[in-house]
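**Student:** To start, I am sharing the structure in question, which I have written as structure tokens.
A short reminder: the numbers here are calculations on the coordinates, not readings from a lab. Since the model is a prediction, treat every value here as computed from it, not as a measurement. Every residue, glycine among them, receives a Cβ derived from its backbone with ideal geometry; neighbour counts consider all protein chains shown.
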Amino acid sequence: GRLQAFASWGIGGTKIIPADFIATVETHNPINNGIHHEILLANFLAQTEALMKGKTRGEVKDELTKAGVKGEELQHLLPHKVFEGNKPTNSIVIQKMTPFNLGMLIALYEHKIFTQGVIWDVNSYDQWGVELGKQLAKIIQPELSSSKPATSHDCSTNGLINYIKAHKPCP
């Protein structure tokens, strides 16, 4: 779904998009004796390795040839299975997700934004771009408690407001 599309964009796209991967050594929910978490960890490690190493045309051709793919099918599949690698990632591994560790991650990203602002000479906390959203929120908030359906916005926003209203638990 969406994650796959995002991953494909990051792996096969033309822009360099640094990505942070965060994993925990321990899980709160050891499904199937922890096998599910082990699968997640294997994919965490494999995706970062794939982004680093990529796969060359020669490697793909050898792989497909060994699998019995040849001719026109081989030529068709080649460009879809090649990606250059050398995509920057950070792997962050924490023991277990706890309130303290979640706070630590939030603080890490807040500090990152502050530091980038200092380096780039921009005010990272200048929120002029948020002002329109704040103005619209003042209009939307009363609509959330109104019994009337929302109709004054675009159809997407109206639909979301009406969905939220229809699914709110009764007080």
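**Student:** Enter the Cα centre distance for the pair the range 61-107 and the range 122-166, rounded to the nearest angstrom.
**Tutor:** 37 Å
**Student:** Roughly how tilted is helix 99-120, in degrees to the nearest 10 and between 0 and 90, from the longest Cα axis of the chain?
**Tutor:** 90 degrees
**Student:** Can you tell me the 0 to 90 degree angle between the C-alpha axis of helix 131-145 and the longest principal axis of the chain, rounded to 10?
**Tutor:** Once rounded, the angle reads 70 degrees.
**Student:** Need one number: nm distance between label points at Lys55 and Lys70, each 7 Å from Cα along Cα→Cβ, rounded to one decimal.
**Tutor:** 2.1 nm
**Student:** For the chain, find the longest principal axis of its Cα atoms and tell me its angle to the long axis of helix 35-53, 0 to 90°, nearest 10.
**Tutor:** Helix 35-53 sits roughly 70 degrees off the main axis of the chain.
**Student:** Could you list, bin by bin from short to long, the percent of Cα-Cα pairs of the range 80-171 in 10 Å steps?
**Tutor:** 12, 22, 19, 32, 14, 1
**Student:** A follow-up question, please. For the chain, list log₁₀ I(q)/I(0) at each q in 0.10, 0.14, 0.17, 0.20 Å⁻¹, using the Debye formula over Cα point scatterers of equal strength and ignoring solvent, two decimals each.
**Tutor:** These q points yield log10 I(q)/I(0) values of -0.75, -1.10, -1.15, -1.22.
**Student:** Taking H placed 1.01 Å from N in the peptide plane, check which residues at least 5 places from Asp20 or on another chain put their amide H under 5 Å from its amide H.
**Tutor:** Asn90
**Student:** What order, most packed first, do the peptides 133-140, 48-55 have when packing is the mean number of other Cβ atoms within 10 Å of each residue?
**Tutor:** Working: 133-140: 10.9, 48-55: 15.6.
Per-residue Cβ counts within 10 Å, averaged per peptide and sorted highest first, yield 48-55, 133-140.
**Student:** Grab the Cα-Cα distance for Ala23 and Asp62, subtract it from 0.36 nm times how many residues apart they are, and report the gain in nm with one decimal.
**Tutor:** Numbers: separation 39, 0.36 × 39 = 14.04 nm, distance 3.28 nm.
Result for the pair: 10.8 nm of gain on full extension.
**Student:** What is the Cα coordinate range of the range 128-167 on the first, second and third principal axes, sorted by size from largest, in whole angstrom?
**Tutor:** The principal-axis extents, from largest down, are 33, 18, 17 Å.
**Student:** Spin-label point model (7 Å from Cα, Cβ direction): what's the Ile94 to Ile119 distance in nm?
**Tutor:** Going by the 7 Å Cα→Cβ label model, 2.2 nm.
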